[in-house]
Amino acid sequence: MPPKDSKRAPKYKGNVKTLNDFFEEFEEHADAAGLTNEEKATWVVRYVKSKEVALFWKSMTAYTTSPKSYSALKQAILDQYPGAKKGENYTNKSLVKLTAETASKSMKTENRLVKYYEKFRPMAMWLKNKNVIT
């Protein structure tokens, strides 16, 4: 496992929308390192940026029981954060707002167009996959 301050280390900085991404990245590292379910439960807390959040996670029954269970801890954590199971989500209104804001700006460079597309595509694809737009 990479050291917690390493650039390669997974980090949870407290944004609920990125919690699933954090777990996914952590699990990739943990699986590559061959950690057991119990070891994952101990290690995952090390990558939490906020001491308060780390203490909160450590206070959960899934962490304090022996043997620890990463899958139970992950589920307990997700249960504590409303919206965490959804991950990133968008609305039709957010897509309209982005396009309206961008329409008033000049797209003089390819870089500006790419920056817009980086914001537009995830929103549009998420909305399309949820059948909000066609």
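The values are calculated or read from the model by the stated rules, or taken from the named source; none is laboratory data. Being a predicted model, the structure only gives us computed values, none of them experimental. Neighbour counts are summed over all protein chains in view; Cβ atoms, including those assigned to glycine, are modelled from backbone coordinates with ideal geometry. The area values use the complete protein model at the heavy-atom level, side chains included, leaving out ligands, DNA and RNA. Shrake-Rupley method; radii C 1.70, N 1.55, O 1.52, S 1.80 Å.
Lysines near Lys119 by alpha-carbon distance under 24 Å, same-chain residues fewer than 8 away left out - which ones?
Correct list for Lys119: Lys11, Lys13, Lys17, Lys85, Lys86, Lys93, Lys97, Lys105, Lys108, Lys128, Lys130.
Taking the Cα centre of the stretch 1-115 as the origin, how large is its charge dipole in debye, to the nearest 20, when only Lys and Arg (+1) and Asp and Glu (-1) carry charge on their Cβ atoms?
Roughly 600 debye for the stretch 1-115.
Leaving out same-chain residues fewer than 8 places away, which aspartates and glutamates sit with a Cα under 20 Å from that of Lys74?
Straight-distance partners of Lys74: Asp21, Glu24, Glu25, Glu27, Glu28, Asp31, Glu38, Glu39, Glu52, Glu88.
Can you pull out the GluC sites (Glu not before Pro) in the stretch 37-134 that DSSP calls coil and that have at most 13 other Cβ atoms within 10 Å?
Glu88
Counting only residues 5 or more places away or on other chains, whose amide H sits under 5 Å from the amide H of Tyr12 once H atoms are built in the peptide plane?
Val48, Lys49
Using Cα positions and a limit of under 18 Å, work out the lysines in reach of Lys68, with same-chain residues fewer than 8 apart set aside.
The qualifying lysines are Lys40, Lys58.
By accessible area of protein heavy atoms, probe 1.4 Å, what ranking do Arg8, Arg46 get, highest first? Write out the running numbers ahead of the final one.
Working: Arg8 155, Arg46 110 Å².
Ranked from most to least accessible, the order is Arg8, Arg46.
What distance in nm separates the simple spin-label points at Ser6 and Ala100, each placed 7 Å from Cα in the Cβ direction?
A separation of 4.7 nm, rounded to one decimal place.
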